[in-house]
Amino acid sequence: MNIRNFCACLLLLGSTGAWAASPSAALGLLVDSADAQAAHDGLSVLGATPGSVADQIGLRPGDVIVDVNGVALANLGADANGRALAAATLNATIAGLPASTPLRLRVLRGGATLALNAPPRANAASSSSTVASGNAAIDPPTAGGCGRISTFDVAPRSQHLYRARILLLDGSTPGPSGTPSFRVTAGTHKLLVAEDIPTREMGVGPIASLRSRRDTSKTLTVTVKANVTALLAARLNTEKAADFADGGYWDPVVWREIPENCR
């Protein structure tokens, strides 16, 4: 099998038992994310660097990662470029974990389900991401190039962050419909964003009725760096949960940036 056919997700996990804090750290895990079929049942492990955290917690070639910290990775389909969405979901979920939260993987091995855990990141505060995508190290940001804007719904609820939808991207409807990640040129982009905050988070009855009658979409200007994915979410302003007059109850935000090759 030609490894060039794989779109691989490389987890940046060091060999010291702690999560790595920069793209220069040792690569710990390679998974198959070539297309939706390759990740139909989850992400198949191709290999783990000896001595890395992935190796230390017991991941082996042939294992299938079916969820990460409760976020399912099976049967998620593919993005507009044909790559398995499971890899990007894994990336975003790991990047969004608080520094004090252990990494928890549910893995299928030989028909049995295993739970594998890694310790919390030792120095996550110095890094915006613990994951990179592609068959090589992350390309350094350069002038020009491309990046991505993503609405993958993996933002931490503890920060009152929920799913957002991009209605317009630079004045046009982004496509194809249902795609949560959009490749864009590096630079500044203007978005029109809608929120999908569960009504139960704000209240029911009159609040739900008022909300359904108003256009509460908002604009957001985003500067996308080369080889970086900007993760978009809807932030609920809990102190203004009933403020529908000017949409004060929420704001669109970029809550995380993930270094990721844009190809």
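What follows draws every value from the coordinates through simple rules; no lab data is involved. All of these numbers come straight from a predicted model, not from anything done at the bench. Note: ideal-geometry Cβ built from the backbone for every residue, glycine included; neighbour counts use all protein chains shown.
Side notes on the structure shown:
- Environment charge of GLY47, counting only residues whose C-beta is closer than 11 Å and scoring Lys/Arg +1, Asp/Glu -1: -2
- Relative exposure of ARG157, ARG183, judged by other C-beta atoms within 10 Å (fewest first): ARG157, ARG183
- Contact order relative to length of the stretch 146-259, as percent, for alpha carbon pairs under 8 angstrom and 6 or more apart: 33
- Neighbour counting of Cβ atoms within 10 Å sorts the residues CYS262, CYS146, fewest neighbours leading, into CYS146, CYS262.
- Within the shell defined by Cβ-Cβ distances under 13 Å, the residues around ARG163 carry a net charge of -1, with Lys and Arg each +1 and Asp and Glu each -1.
- Sequence-ordered 3J(HN,Hα) estimates for the stretch 90-104 from the Karplus curve with 6.51, -1.76 and 1.60 and θ = phi - 60° stand at 4, 4, 5, 5, 5, 4, x, 6, x, 4, 8, 9, x, 7, 10 Hz, glycine and proline given as x.
- Local electrostatic count, LEU105, Cβ distance below 13 Å [Lys/Arg +1, Asp/Glu -1]: +2
- Other-chain or far-sequence residues with amide H under 5 Å of ARG256's (modelled H): LEU231
- With neighbours defined as other Cβ atoms within 10 Å of a residue's Cβ, the residues HIS40, HIS189 order from fewest to most as HIS40, HIS189.
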